[in-house]
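The values are calculated or read from the model by the stated rules, or taken from the named source; none is laboratory data. Quick caveat, the model's predicted, so the values are computed rather than measured. All Cβ positions, glycine included, derive from the backbone under ideal geometry; neighbour counts span all protein chains shown. With ligands, DNA and RNA removed, areas are computed over all heavy atoms of the protein, side chains included. Shrake-Rupley method; radii C 1.70, N 1.55, O 1.52, S 1.80 Å.
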Amino acid sequence: MALKTLSTFFSPLSLPNTKFLTSKPCLILFEFPRSQKSRLPVADAEGTGAAAPSPGEKFLERQQSFEDAKLILKENNKNKKKKKKDNAIKASRAVASCYGCGAPLHTSDADAPGYVDPETYELKKKHHQLRTVLCRRCRLLSHGKMITAVGGHGGYPGGKLFVSAEELREKLSHLRHEKALIVKLVDIVDFNGSFLSRVRDLAGSNPIVLVVTKVDLLPRDTDLNCVGDWVVEATMRKKLNVLSVHLTSSKSLVGITGVISEIQKEKKGRDVYILGSANVGKSAFINALLKTMAINDPVAASAQRYKPIQSAVPGTTLGPIQINAFLGGGKLYDTPGVHLFHRQTAVVHSEDLPILAPQSRLRGLSFPSSIVSSDNVEEGASTIVNGLNEFSIFWGGLVRIDVLKVLPETCLTFYGPKRIPIHMVPTEQAVEFYQTELGFLLTPPSGGENAENWKGLESERKLQIKFEVVDRPACDIAISGLGWFTVEPVSRSHKISQPKPVETAGELILAVHVPKAVEIFVRPPIPVSKAGAEWYQYVELTEKQEEMRPKWYF
């Protein structure tokens with residue numbers, strides 16, 4: 001039988017569509033079925049025999065693809081963070097801002113922060129001098145006007161012209177992604193209320209220098225060695241790692257030089273951000289910083305011309321304020337204060353805000369004293385008060401302390417603004433006395449209208465205190481945003497050289513009433529006045545503990 005030629009298999013007659021081949025030549029291949037007995041290896045896409053990749057090579061290829069995917073994912077995340085950081089910075093610097101408060105400048109609403117007269121705005125814009133403009137609100141603040149701009153603070157619910165505390169906090173969100181040096185400020189008069197225990201949520205992993213302000217307000221003859229050690233102990237209990245602690249006074253410039261040295265040492269070309277709660281004294285601290293640096297630094301001297309505005313209003317600073325204060329790179333930033341709703345400044349009316357800010361040295365006022373004028377008797381009369389049991393003490397209209405159980409030789413010593421009066425009445429008359437005298441003897445709130453809108457002392461906290469040692473105070477009870485009072489023996493508060501025998505142990509029970517949301521702190525007593533140095537005991541530390549503790553400077 002003759003073999004069929006290839007033309008036989010590809011004959012046009014064997015195809016259903018002959019027009020297909022005649023119009024355009026092509027090659028058609030057929031795959032014949034392979035015999036089941038065939039032992040030839042099946043070819044795959046990766047080759048066969050020696051050309052096929054080994055299992056090890058396949059494993060390495062998969063691992064390489066995983067690593068490549070990780071690198072791509074990491075690069076994408078890095079770009080997202082960078083974009084977010086750039087957006088946060090651009091949002092704060094794209095528009096010219098008032099150098100006094102940091103609010104964006106505008107000409108639309110005269111009552112809103114950042115407003116500038118249109119003619120002034122156009123003139124300054126023409127000459128590229130918008131960075132030297134002070135807004136209308138800041139001019140009023142500099143003349144003593146109390147203009148609140150943060151909703152929910154100063155007795156205002158807020159409105160279209162107000163910014164929220166959350167918006168101000170959002171302006172600090174980019175700090176977590178910055179490489180910066182954080183200078184955190186704490187008010188010694190309101191140490192617990194202004195501490196910002198969750199500061200790492202804002203500062204991230206950036207190094208922190210802790211600055212304690214207003215030490216010039218502490219009682220006369222206070223040993224600052226004891227106070228410095230007390231601050232370091234309190235900072236360690238709050239588990240906040242800081243580079244160093246500085247006791248300062250922006251008014252007398254005490255301790256400012258040490259802070260400048262620490263900043264120059266740790267800055268390393270980075271920006272420096274001044275961080276703290278509202279009304280802690282950031283703007284005053286920056287002014288003191290620039291004033292001290294200006295002696296030897298012409299850059300800081302020129303920066304003094306346009307420094308942030310100082311006022312008693314929470315929320316004076318409404319945006320980051322950039323200050324060119326350093327020769328060797330890096331900027332200084334004043335930041336909006338972090339508003340804390342647990343402070344008294346969040347509940348009082350704006351007219352009463354200056355009363356909450358002490359202007360002179362604190363002096364301890366003790367109850368009971370040897371002879372106390374009673375508010376429930378005729379004017380000029382007096383009564384000798386033996387002990388505090390069944391008495392109530394009003395600290396203005398902001399705090400009421402009911403003494404439920406104390407030792408006979410116990411007294412309460414108050415440290416706070418002198419303009420807030422303290423009154424002591426029997427507990428059975430306390431409710432009537434509060435309702436009658438609120439807004440008059442009991443201020444703040446000041447004035448009848450503010451007293452009518454006052455929500456009252458809605459929060460009560462019972463405190464059980466162990467009084468074990470008669471040679472030292474039992475504790476401090478700090479009222480956030482106001483001050484503190486010390487629970488101590490009468491012999492200590494009145495400086496009796498030979499104290500008579502007293503009960504040396506027992507339990508004290510106090511009921512403290514404050515406005516809703518205001519926080520109460522029970523803490524170890526702070527060693528103030530000359531007596532504080534006598535009873536204060538330094539904690540003995542091992543070498544390892546000494547290395548871990550931050551150093552403090554004054």
Given the conditions (1) open to solvent by 20 Å² or more (accessible area, probe 1.4 Å); (2) among the aromatic types (Phe, Trp, Tyr); (3) at pLDDT 90 or above, which single one is not true for Phe195?
-> (1)
Can we say Pro444 is closer than 26 Å to Asp352 by Cα and either touching a helix residue (DSSP H, G or I) at 6+ places or on another chain (Cβ under 6 Å) or open to solvent by 30 Å² or more (accessible area, probe 1.4 Å) (or both)?
-> yes
Cβ pairs under 6 Å, 6+ apart or interchain, first in segment 238-256 and at negative phi and surrounded by 17 or more Cβ atoms within 10 Å (Cβ to Cβ), second of a type in the set (S, T, N, Q) and in a loop (DSSP other than H, G, I, E, B), ordered by first then second residue, are Ile256/Thr248
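So that you can scan it fast, the table gives a plain yes or no per residue for (1) open to solvent by 10 Å² or more (accessible area, probe 1.4 Å); (2) closer than 27 Å to Ser529 by Cα:
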residue: Glu170; (1), (2): yes, no
residue: His177; (1), (2): yes, no
residue: Leu181; (1), (2): no, no
residue: Val186; (1), (2): no, yes
Which numbered condition Leu105 fails, given (1) closer than 16 Å to Gln322 by Cβ; (2) at pLDDT below 75 | (2)
